[in-house]
Amino acid sequence: MYIYDSVKKEKLKFVPLVPNEATIYVCGPTVYDDAHLGHARSSLSFDLLFRTLKSLGFSVNFIRNFTDIDDKIIKKMQDSSKSLKEITEYYIQRYNEDMDAIGITHPTLTPKATDNLEAMEDMINILMQKNIAYKISNGDIYFDTSKDNIYGKLSNKVSEDTLSRIESVSEKRNVKDFALWKACSKNDSVCFEASFGKGRPGWHIECSAMIQKHTKPVDGYSIDIHGGGADLLFPHHENEASQSRCATGHELAKYWMHNGFVQIDGEKMSKSLGNSFFLKDTLEIYNGEIVRFYLSSIHYRNDFNFNEEDLLNSKKRLDKLYRLKKRVFDVSVSEPSLDFKKSLLEAMSDDLNISVALSIIDEMIAKSNEGLDANPNDKNIKKEILANIEFINELLGFGYQNPFEYFQLGLEAKLKDQINVLLEQRAKAKLEKNFELADKIRDELKAMDINIMDTANGTFWEKIS
RNA sequence: GGUGCUAUCGCCAAGCGGUAAGGCCGCAGCCUGCAAAGCUGCUAUCCCCGGUUCAAAUCCGGGUGGCACCUCCA
């Protein structure tokens, strides 16, 4: 397995801290709103990593958190007069629904910030004891970045000019110091007890504390891989790495991976532009698997330009897999082709090269169709093809649907019956060489948006999308 | 202003120094009663200029264009 380390900026051989094991921590969403396409892409990127490592035989410990304390959540509370828990639980559930819809494997652990306040308190206490953290007059606690002589190394982004953009608080020792704890005032609705005063944690400390709590350091690192969106490198990951290093005496992660961004029709995704923003909006129109296939079809590090035309073109590629699956759906699975499995894994082992993986699948489809054209009823060929498709699903998370239902999605049973009756009539007409009637029926079906095809494996029909 | 990414066929997109994968679209053929589906074949010298090298889309320098982040946004 080779992965691109976005801090070292090179592709590296993945050497896990513990042989055959991998611990991955990915920054999850702040749950104050529904998941957007960017969340989907991030989840998808690391889901592919998760699946690939598992397929390679690693025992993977995959952690993805929920940030359920945050200014945006507090604002939502004020706007909606709902409690913190009401809001976060609602959006966590919605998030999980969306991720299920696009076939994201469940992480091994999904810690919430609110369940790990003690770990954060401990870490802040350690930093205060070391005089790396300090309290200012209003009760806020800051991290003293000057105590970490390699602060800024991770992102390489701390310039004078960057600093001028950071919020200035006069009592901070250094401009780049960041909040570990924000003291609460009397009318603050969200307030937690801690030995150093009431308040709530800063954003960065939660990930550090949860990693510290849920993992065991090996060889000077807490975890193997830390992941997240490209925007998180600075300041979030820089700060995480720094405070963890200072508090624990070892590095946070051996490898860092960052996924690229999603744009809509070439524009930055934002509410003000009114471009389709939420994953749910897309899922209302398209099946989750189609969205998954489209969003994962481009390398995770590249920026992704989402548009409907490309989505539909990408669906045509997935259709081909399902047309093949229709041809072999009447047998039980055997073992996938070793060559196919090996080359697919090899592609994904190269920093998740999905493009090469998809081209290998396309070649498999063409070869399989060729084999089936020559031997339409060869059970061994069919079994292996079906097994290949199952392996695709295991590794990449698509191709799992019943192939007939895939092409008939959203049609009512009554209509399906009607179609079947027409197909029987057409089959009879064809048998009697009454091609005029057969073509008339086909036109009738076409008018109903149904496409039919006579293959060596029988007559199939599809809903035209 | 700082930091970084990027420019490959009409569209999407691999390529990581050894002579351009794959998908969509298009054209031709095979198959088919005709279609559809499937299969086969055809379609690019890689933004521009210079350099390094036996050899560059791939490395270096300079342009030009696109984008992102630097604002607790994945």
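The values are calculated or read from the model by the stated rules, or taken from the named source; none is laboratory data. None of these values were measured; they are calculated from a predicted model. In this analysis, Cβ positions are derived from the backbone assuming ideal geometry, glycine residues included, and neighbour counts consider all displayed protein chains. These accessible areas exclude ligands, DNA and RNA; they are computed on the full protein's heavy atoms, side chains included. Shrake-Rupley method; radii C 1.70, N 1.55, O 1.52, S 1.80 Å.
Values computed for the structure shown
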read-out	value
Selection from the range A:97-119 of residues that are open to solvent by 60 Å² or more (accessible area, probe 1.4 Å) and over 23 Å from A:Ser208 (Cα atoms)	A:Glu97, A:Asp100
Close pairs (6 angstrom Cβ cut-off, 6 or more residues apart or separate chains): modelled with pLDDT of 95 or more in the range A:350-378, assigned to a loop (DSSP other than H, G, I, E, B) and near RNA strand B (Cβ under 9 Å from one of its atoms) anywhere	A:Leu352/A:Tyr300
Among residues of the range A:387-442, those that are among the charged types (D, E, K, R), over 43 Å from the mean Cα position of the chain (by Cα) and either surrounded by fewer than 19 Cβ atoms within 10 Å (Cβ to Cβ) or in a loop (DSSP other than H, G, I, E, B) (or both), counted	8
Residues of the range A:396-447 that turn out to be touching a Lys or Arg at 6+ places or on another chain (Cβ under 9 Å), over 30 Å from A:Arg41 (Cα atoms) and away from RNA strand B (no atom under 14 Å from the Cβ), as a count	0
Hits in the range A:347-386 (condition: outside any helix (DSSP H, G or I), closer than 17 Å to A:Val328 by Cβ and open to solvent by 40 Å² or more (accessible area, probe 1.4 Å))	A:Asn375, A:Asn377, A:Asp378
Test for A:Glu193: is it of a type outside the set (Gly, Ala, Ser) and at pLDDT 90 or above	yes
